[in-house]
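Everything on this sheet refers to the single structure shown next.
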Amino acid sequence: MADHYPQGKVISNDVEPPVESHPPLEKTPAEYAMTRFSSLKPPMNKAPNPFRLLALLSGKQWLFFFVGFFAWSWDAFDFFTVSLTLSDLAETFDKTNTQISWGITLVLMFRSVGSILFGLAADRYGRKWPFVVNNLLFIVLELGTGFCQTYKQFLACRALFGIAMGGLYGNAAATALEDCPEAARGIVSGMLQQGYAFGYLLATAFARGLVNTTSHGWRPLFWFGACPPVLIIAFRLCLPETDTFKERELVRNERGNIGATFIAEGRVALKRHWLLLIYVVLLMAGFNFMSHGSQDIYPTLLTNQYNFSPDAVTVTQVVANLGAMTGGTVVGYSSQIFGRRFSIIFISVIGAAILYPYTFTSSHAIIAAAFFEQFCVQGAWGVIPIHLMELSPGSFRTFVVGTSYQFGNLASSASSTIETELGARFPLPPKISATGKKTPRYKYGLVMCIFMGCVYAYTILLTFLGPEYLGRSFEVQHDSDLSEAAGHDTIEAALGKIHQRQGVAGVSDGDAEATEKGNVTASERV
């Protein structure tokens with residue numbers, strides 16, 4: 001028997017059907033609710049050797065992946081520069097840690113503005129130039145932060161930085177994943193998401209080498225952060241648009257009015273998927289609370305509550321991020337076998353179970369707990385890039401992925417502020433330095449444990465209630481939204497021109513490469 005993807009792609013007998021074959025709005029609420037348990041059953045797809053899966057990617061697809069990965073890594077690096085210098089910034093600007101944490105909160109709040117602006121630009125004009133502009137803003141604003149002389153200047157720079165940062169995630173995910181062979185999506189998604197952990201690891205290492213090692217204090221870390229985006233921009237300028245976007249652009253050109261077609265696609269997507277759009281924002285709120293709640297003030301917990309030295313904090317953070325990178329890749333790969341929702345729920349339950357050692361271990365044994373907790377947190381996150389891509393309407397993939405992620409960030413933007421303010425209600429005996437200076441100490445571990453327990457429960461519930469479109473096609477001929485907006489005949493005419501241009505009937509550039517590698521047959525694409 002053959003089954004159908006949500007956008008009409010027929011799959012052959014030797015491929016497992018998608019977990020759910022119809023969008024939620026095609027079912028009544030009662031029918032949809034009845035499928036929550038049955039659709040959670042792991043499809044148990046075959047588990048190919050992961051190295052064979054990675055070999056399916058062509059050279060161009062690997063370049064797209066790497067440019068997205070490095071950009072996302074440096075996005076994380078730039079974000080965590082504040083978390084890792086919280087106490088130093090507080091001393092420079094004569095503020096409390098809680099007041100400085102508003103620099104983190106503002107970045108998270110203003111990211112949603114950037115995701116809307118740059119997401120729409122990327123879906124309308126292409127992935128390339130919005131990406132370049134994003135990174136140019138990174139350079140300017142990281143340098144600006146490093147030269148701030150007042151607290152107000154610092155907050156202004158971080159707010160503007162949030163706008164720039166907000167536009168990157170959806171674009172990086174679309175660039176890295178939309179041309180990716182279907183069988184390799186899970187593992188590549190996990191690898192991409194770990195750019196976040198890799199960036200955090202780099203920030204931790206460079207903070208140890210650059211912060212308070214010169215007379216400029218914390219500033220060299222921000223000045224250094226402005227340099228690598230120059231190389232990322234050069235990398236992206238050497239690459240074309242993705243094949244998937246070029247196909248979509250040809251369909252819009254064929255209709256004769258690109259702008260009008262784009263607006264028509266938006267109307268169709270909003271009419272058909274408004275409930276799904278609300279859901280992905282709520283889901284991403286949980287995920288962002290999960291990551292920020294477990295990470296943002298963790299260095300402060302180690303130094304303030306448990307009196308860890310800077311070297312011990314660095315080692316713990318590096319090990320935690322190695323766990324995150326491992327978890328994201330492993331669980332992302334596993335989601336191709338067990339399904340997206342099941343993988344997220346399973347690893348979240350494990351993460352909740354080890355919260356106590358992660359927050360209450362006062363010895364250096366906490367390193368092991370940090371490794372496995374971040375394995376779980378970023379393991380769940382490793383599924384997210386491809387899960388969002390498969391849920392999103394094709395015409396607004398960058399916008400939906402980026403904006404849902406950043407609105408989730410907006411909802412969770414006060415995570416560090418909430419934790420530090422609640423922590424201040426549970427004081428510990430102060431730390432007294434050799435000069436007699438008293439440093440207040442707080443039970444951050446207690447607050448973080450309770451906070452994260454609530455976050456895990458919320459995320460598990462939302463994931464259970466939501467849909468899943470494992471294996472959804474990203475090609476324009478399977479996009480029913482675009483077909484309604486532009487017309488089926490328009491799509492057929494555009495694809496016909498592509499086939500004529502390539503000289504191979506019915507096979508696109510990406511499909512030809514996949515066919516050569518034995519990934520699909522030409523007949524399956526027609």
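The values are calculated or read from the model by the stated rules, or taken from the named source; none is laboratory data. Because the structure is predicted, anything quoted here is derived from the model rather than measured. FYI the Cβ positions are ideal-geometry reconstructions off the backbone, even for glycines, and counts take in every protein chain you see. Please note that ligands, DNA and RNA were not included when accessible areas were found on the heavy atoms of the full protein model with its side chains. Shrake-Rupley method; radii C 1.70, N 1.55, O 1.52, S 1.80 Å.
Look at (1) without any contact (Cβ under 8 Å) to a residue 60 or more places away in the chain; (2) assigned to a helix (DSSP H, G or I) and you find that His364 fails only one, number (2). Taking the criterion of being at pLDDT below 95, charged (D, E, K, R) and either out of contact with any Asp or Glu (no Cβ under 6 Å at 6 or more places or on another chain) or assigned to a helix (DSSP H, G or I) (or both), would at least one residue in the stretch 368-385 satisfy it? So far as the stretch 368-385 goes, no, none of its residues is at pLDDT below 95, charged (D, E, K, R) and either out of contact with any Asp or Glu (no Cβ under 6 Å at 6 or more places or on another chain) or assigned to a helix (DSSP H, G or I) (or both). When Val67, Val82 are checked against the criterion of being of a type outside the set (Lys, Arg), farther than 21 Å from Gly328 by Cβ and open to solvent by less than 20 Å² (accessible area, probe 1.4 Å), a single residue qualifies: Val82. In the stretch 439-477, the residue that is most open to solvent (accessible area, probe 1.4 Å) out of those that are among the β-branched types (Val, Ile, Thr) and under 19 Å from the mean Cα position of the chain (by Cα) is Ile460.
Kindly state which helices (runs of 4 or more DSSP H) lie completely within the stretch 122-205 and contain at least 3 residues that are touching a residue at least 24 places away in the same chain (Cβ under 8 Å), touching a helix residue (DSSP H, G or I) at 6+ places or on another chain (Cβ under 8 Å) and surrounded by fewer than 20 Cβ atoms within 10 Å (Cβ to Cβ). The helices (runs of 4 or more DSSP H) meeting that bar are 128-146, 151-166.
Taking first residues from the stretch 74-103 that are more than 24 Å from Gly167 (Cβ to Cβ) and touching a residue at least 60 places away in the same chain (Cβ under 8 Å) and partners that are of a type in the set (Gly, Ala, Ser) and buried (at least 24 other Cβ atoms within 10 Å of the Cβ), the Cβ contacts under 8 Å between residues at least 6 apart in sequence or on separate chains come to Thr85/Ala207; Leu86/Ser101; Leu89/Gly103. Candidates in the stretch 228-260 are the residues that are outside any helix (DSSP H, G or I) and open to solvent by 30 Å² or more (accessible area, probe 1.4 Å); of these, the one that is farthest from Val476 (Cα to Cα) is Cys238. All of (1) in contact with a Pro (Cβ under 6 Å, 6 or more places away or on another chain); (2) open to solvent by 40 Å² or more (accessible area, probe 1.4 Å) hold for His488 with one exception: (1). Scan the stretch 85-107 and give yes if some residue there is open to solvent by 10 Å² or more (accessible area, probe 1.4 Å) and under 14 Å from Ala159 (Cβ atoms), otherwise no. Yes, the stretch 85-107 has at least one match. Ala320 meets the stated requirement of being surrounded by 20 or more Cβ atoms within 10 Å (Cβ to Cβ), touching a residue at least 12 places away in the same chain (Cβ under 8 Å), more than 14 Å from the chain's Cα centre (by Cα) and part of a helix (DSSP H, G or I). Any residue at all in the stretch 304-316 that's in a helix (DSSP H, G or I), open to solvent by less than 10 Å² (accessible area, probe 1.4 Å) and touching a residue at least 24 places away in the same chain (Cβ under 8 Å)? Checking the stretch 304-316: at least one residue is in a helix (DSSP H, G or I), open to solvent by less than 10 Å² (accessible area, probe 1.4 Å) and touching a residue at least 24 places away in the same chain (Cβ under 8 Å).
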